């Protein structure tokens, strides 16, 4: 993670910044999946987990060459009215480190009811009477609404920023630019 670049989402009256971030993140995800790279990490420097919000800035981390390749693949020109890409800069020498990862809800109440009904040969009404909505896991984390290219279904990609640490942890990043093991520079 020798270099980084920030992409700032502009505040515009006609469109919510979250919507622009969703479109940008989808483009990045598709590019990461096509490039099959595991050395590109993402972070959200303006994250506010109390509110919860990812903020209006997305930061990409990798080497200079890899970032240039990714930015070419994404093609941000079509979104130039909505965001401002920054320069690719060297990562500061004195920095902390942080893990940025996806967090998934254990299960939804509807899914639990379907499984219960199937396992116990019950109707959906009987399963609904036995499994209340309150059993479903709820997260109070910032998220990006994504659409699955394979199923077409929409889902929330919950993102957690781990504790700040003084030493990096090496590892690989997935096609969302997130990792359950590796850290990114945090500054």
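What number of residues in the stretch 52-65 are over 16 Å from residue 157 (Cα atoms), in contact (Cβ under 8 Å) with a residue 60 or more places away in the chain and more than 13 Å from the chain's Cα centre (by Cα)?
Count: 4.
Limited to the stretch 1-21, what total is found for residues that are within 19 Å of residue 99 (Cβ to Cβ) and surrounded by 17 or more Cβ atoms within 10 Å (Cβ to Cβ)? If you could, list the steps in order and put the result at the bottom.
Looking only at the stretch 1-21, we keep the residues that are within 19 Å of residue 99 (Cβ to Cβ), and these are 1-2, 4.
Those left that are additionally surrounded by 17 or more Cβ atoms within 10 Å (Cβ to Cβ): 1, 4.
Of the residues in the stretch 1-21, 2 are within 19 Å of residue 99 (Cβ to Cβ) and surrounded by 17 or more Cβ atoms within 10 Å (Cβ to Cβ).
When residues of the stretch 110-148 are filtered for being in a loop (DSSP other than H, G, I, E, B), in contact with a helix residue (DSSP H, G or I) (Cβ under 8 Å, 6 or more places away or on another chain) and in contact (Cβ under 8 Å) with a residue 12 or more places away in the chain, how many remain? Break it down stepwise before answering.
The first filter runs over the stretch 110-148 and keeps only residues in a loop (DSSP other than H, G, I, E, B), leaving 121-123, 131-132, 136-142, 148.
Still in the list and also in contact with a helix residue (DSSP H, G or I) (Cβ under 8 Å, 6 or more places away or on another chain): 122-123, 131-132, 136.
So of that shortlist, the ones also in contact (Cβ under 8 Å) with a residue 12 or more places away in the chain come out as 131-132, 136.
The number of residues fulfilling the criteria is 3.
Please determine whether any residue of the stretch 145-156 is within 19 Å of residue 30 (Cα to Cα), modelled with pLDDT of 90 or more and buried (at least 16 other Cβ atoms within 10 Å of the Cβ).
So far as the stretch 145-156 goes, yes, one or more of its residues are within 19 Å of residue 30 (Cα to Cα), modelled with pLDDT of 90 or more and buried (at least 16 other Cβ atoms within 10 Å of the Cβ).
So which of 83, 24, 54, 42 is more than 20 Å from residue 3 (Cβ to Cβ), touching a helix residue (DSSP H, G or I) at 6+ places or on another chain (Cβ under 8 Å) and either at pLDDT 95 or above or crowded, with 16+ Cβ neighbours inside 10 Å (or both)? Write out each step before concluding.
Details: 83 fails: more than 20 Å from residue 3 (Cβ to Cβ); 24 fails: more than 20 Å from residue 3 (Cβ to Cβ); 42 fails: more than 20 Å from residue 3 (Cβ to Cβ).
Step by step, each of 83, 24, 54, 42 is checked, and only 54 is more than 20 Å from residue 3 (Cβ to Cβ), touching a helix residue (DSSP H, G or I) at 6+ places or on another chain (Cβ under 8 Å) and either at pLDDT 95 or above or crowded, with 16+ Cβ neighbours inside 10 Å (or both).
Of the residues in the stretch 89-131, how many are within 28 Å of the chain's Cα centre (by Cα) and over 30 Å from residue 61 (Cβ atoms)? So that I can check it myself, show each step before the final result.
Just the residues of the stretch 89-131 that are within 28 Å of the chain's Cα centre (by Cα), to begin with: 89-112.
Okay, now just the ones that are also over 30 Å from residue 61 (Cβ atoms), so 107-112.
Number satisfying all stated conditions: 6.
With respect to the numbered conditions (1) farther than 15 Å from residue 29 by Cα; (2) surrounded by 14 or more Cβ atoms within 10 Å (Cβ to Cβ), which one is the sole condition not fulfilled by residue 164?
It is condition (2) that residue 164 fails.
If residue 29 satisfies every condition in (1) under 13 Å from the mean Cα position of the chain (by Cα); (2) closer than 25 Å to residue 92 by Cβ but one, which is the exception?
The number of the failed condition is (2).
Go through (1) under 21 Å from residue 175 (Cα atoms); (2) in contact (Cβ under 8 Å) with a residue 60 or more places away in the chain; (3) touching a helix residue (DSSP H, G or I) at 6+ places or on another chain (Cβ under 7 Å) for residue 74 and report which single condition fails.
(2)
Taking residue 173, is it assigned to a strand (DSSP E or B), within 19 Å of the chain's Cα centre (by Cα), surrounded by 14 or more Cβ atoms within 10 Å (Cβ to Cβ) and in contact (Cβ under 8 Å) with a residue 40 or more places away in the chain?
Numbers: assigned to a strand (DSSP E or B): no; within 19 Å of the chain's Cα centre (by Cα): yes; surrounded by 14 or more Cβ atoms within 10 Å (Cβ to Cβ): yes; in contact (Cβ under 8 Å) with a residue 40 or more places away in the chain: yes.
No: the conditions fail for residue 173.
Restricting the search to the stretch 21-42, which residues are touching a strand residue (DSSP E or B) at 6+ places or on another chain (Cβ under 8 Å) and within 19 Å of residue 158 (Cβ to Cβ)?
21, 22, 24, 25, 26, 28, 29, 41, 42
In this structure, is residue 101 modelled with pLDDT of 95 or more and either in a helix (DSSP H, G or I) or more than 20 Å from residue 143 (Cα to Cα) (or both)? Explain how you work it out, then say what you get.
Working: modelled with pLDDT of 95 or more: yes; either in a helix (DSSP H, G or I) or more than 20 Å from residue 143 (Cα to Cα) (or both): no.
When the stated conditions are applied, residue 101 does not pass them.
The values are calculated or read from the model by the stated rules, or taken from the named source; none is laboratory data. All values derive from a computational prediction rather than experimental measurement. A quick note on method: Cβ atoms are made from the backbone with ideal geometry, for glycine too, and the neighbour counts reach across all protein chains shown.
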